[in-house]
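Everything below concerns the one structure shown next.
The values are calculated or read from the model by the stated rules, or taken from the named source; none is laboratory data. What you are looking at is a predicted structure, and each value in this text was computed from that prediction instead of being measured. Note: ideal-geometry Cβ built from the backbone for every residue, glycine included; neighbour counts use all protein chains shown.
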Amino acid sequence: MTKKNTYRFGIDIDGTVTDPATFIPAINEHFNKTLTLDDITQYDLSRVLGISGEDFWKWMQEHEGNLYANAELASEAKRTLMEWERKHELFYISARHTRFTDLTRDWFNQNALPYHHIELLGQHNKIDAVKNHDVDAFFEDKHDNAVGIAEECKIPVVLMNTPYNQDAVPDLVHRVDSWQQARDTVRRLFG
């Protein structure tokens, strides 16, 4: 990898910048459950809840905006992003639907989070966006996205470790337990 002064980081939002447990209280309340993050061992929440995908997405579409607007930041995410913003470009690439663009920008502004670009795709496949923006590294919580981006784009991907992304990963995927470890990984990879 050629050493540069400024790198462009692609960063997922939900479960990466936001705390991966942020939706759980609303899910517990609505579905009368007592789940914790440790119970979320699959990305597909309908399977965790034992309901149809259709029923889950009906609920999600009804509550999605409120969930995003009130999402909690992951621990150390803001500190890390503020540090990186001084030296790198921060491009957020999310599966959120484009109808949440204003809400998402408002959330970033309310939380005083730095960004150079925010792109909502309305679907989980982020490979084209990563390529189009010439991203040098990506930060993600969804296992298949992390693996696909690493393999297709040949860039390092930092995978935020959660109970729902425990499958094996290739060498270009770096599993971390915190944003502090993400900072350490960036220092190791990019100097």
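Can you name every residue in the range 1-53 that is closer than 30 Å to H116 by Cβ, crowded, with 16+ Cβ neighbours inside 10 Å and of a type in the set (V, I, T)? Once the filter is applied, which keeps residues that are closer than 30 Å to H116 by Cβ, crowded, with 16+ Cβ neighbours inside 10 Å and of a type in the set (V, I, T), the range 1-53 yields I11, I13, T16, V17, T18, T22. The residues on offer are R187, R175, and the sole one that is out of contact with any Pro (no Cβ under 9 Å at 6 or more places or on another chain) and part of a helix (DSSP H, G or I) is R187. Against the test of being under 24 Å from I127 (Cα atoms), modelled with pLDDT under 95 and touching a strand residue (DSSP E or B) at 6+ places or on another chain (Cβ under 9 Å), the options T2, T6, T16 yield a single qualifying residue, T6. Got a number for residues in the range 75-106 being part of a helix (DSSP H, G or I) and out of contact with any strand residue (DSSP E or B) (no Cβ under 9 Å at 6 or more places or on another chain)? Number satisfying all stated conditions: 9. Take I51 and decide whether it is closer than 23 Å to I127 by Cβ and either part of a loop (DSSP other than H, G, I, E, B) or modelled with pLDDT of 95 or more (or both). The answer is no for I51. All of L120, L81, L67 fail the test of being closer than 16 Å to G15 by Cβ and touching a Pro at 6+ places or on another chain (Cβ under 6 Å), apart from L81.
In the range 150-163, the count of residues that are in contact with a strand residue (DSSP E or B) (Cβ under 8 Å, 6 or more places away or on another chain), surrounded by fewer than 20 Cβ atoms within 10 Å (Cβ to Cβ) and under 25 Å from L37 (Cα atoms) is one or more. On the basis of being closer than 30 Å to H117 by Cβ, β-branched (V, I, T) and either under 16 Å from the mean Cα position of the chain (by Cα) or outside the structural domain of Q181 (by TED's automatic domain parsing) (or both), does T80 make the cut? Against the criterion (closer than 30 Å to H117 by Cβ, β-branched (V, I, T) and either under 16 Å from the mean Cα position of the chain (by Cα) or outside the structural domain of Q181 (by TED's automatic domain parsing) (or both)), T80 qualifies. Does E85 satisfy the criteria of being more than 16 Å from the chain's Cα centre (by Cα) and not assigned by TED's automatic domain parsing to the domain that holds V157? It is false that E85 is more than 16 Å from the chain's Cα centre (by Cα) and not assigned by TED's automatic domain parsing to the domain that holds V157.
Could you check, for the range 20-33, whether at least one of its residues is in the same structural domain as P156 (by TED's automatic domain parsing), touching a helix residue (DSSP H, G or I) at 6+ places or on another chain (Cβ under 8 Å), in contact (Cβ under 8 Å) with a residue 12 or more places away in the chain and of a type in the set (K, R)? No, the conditions are met nowhere in the range 20-33. Please verify whether I51 is in contact with a helix residue (DSSP H, G or I) (Cβ under 7 Å, 6 or more places away or on another chain) and more than 21 Å from T104 (Cβ to Cβ), treating the condition exactly as stated. No; evaluated as a whole, the condition is false for this residue.
Residues that are crowded, with 16+ Cβ neighbours inside 10 Å, without any contact (Cβ under 8 Å) to a residue 24 or more places away in the chain and touching a helix residue (DSSP H, G or I) at 6+ places or on another chain (Cβ under 9 Å) within the range 94-147 are absent altogether.
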